[in-house]
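Below is one structure, written out as structure tokens, with a few remarks after it.
Where a number appears in this text, it was derived from the coordinates with a stated rule and is not lab data. Given the structure is predicted, the values throughout are model-derived calculations rather than measurements. Here the Cβ positions follow ideal geometry from the backbone for every residue, glycine too, while neighbour counts run over all protein chains shown.
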Amino acid sequence: MLQQNMNLQNARDRLKDVYYLINELRNNYENIVNNAKSLCLRWSLPVTYTEPRQIYAKKHFDEVDGDRRLTITTENFKIKVFYPIIDTVLMQLNIRFKAMDNVCTTFDFLNPNNLLCLREDNIVKESYDFIQTYKDGISSDFTGQILSLKELIKNKTKHTQH
């Protein structure tokens, strides 16, 4: 079995893919219902249901209507159950995507592959922004350490290629 190298960028991209997939599902309610019906038929489960006539207690003009029950019709299910669940999932995925995208953007320059591709002035700018974001936990010599790390990685890469 081929194992894919998973990193934050890959995880972020998969999260975005899932968001678009679920958003596509939201727009294909009829296909989902048809697939569910075909599964029910294949498994010999009933696909139709009857909606019993509702019985209401006699209500006087000043009473609040507390006797009504929720009837589940296919349209009612779509509006009151399916859409709210899908919209909640989409909202949660979007929140997670934004958070992960922020982390990926903040730490992207520290990825060794990206670090090797960046010019020194870009590394200085990225590390300065990083230091400003995490000034309580990062010392000011972080930029020099990152530049040294780039040289170390570059030299190690040259030695392993020979």
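Once the other residues with Cβ under 14 Å from the Cβ of SER148 are scored (Lys, Arg +1; Asp, Glu -1), what is the net sum?
Taking every other residue near SER148 into account, the sum is 0.
Kindly write out, for the range 109-124 in residue order, the coupling ³J(HN,Hα) from the Karplus curve 6.51 cos²θ - 1.76 cosθ + 1.60 (θ = phi - 60°), rounded to whole Hz, with x marking Gly and Pro.
5, 7, 5, x, 5, 6, 4, 5, 7, 6, 6, 4, 5, 5, 5, 4
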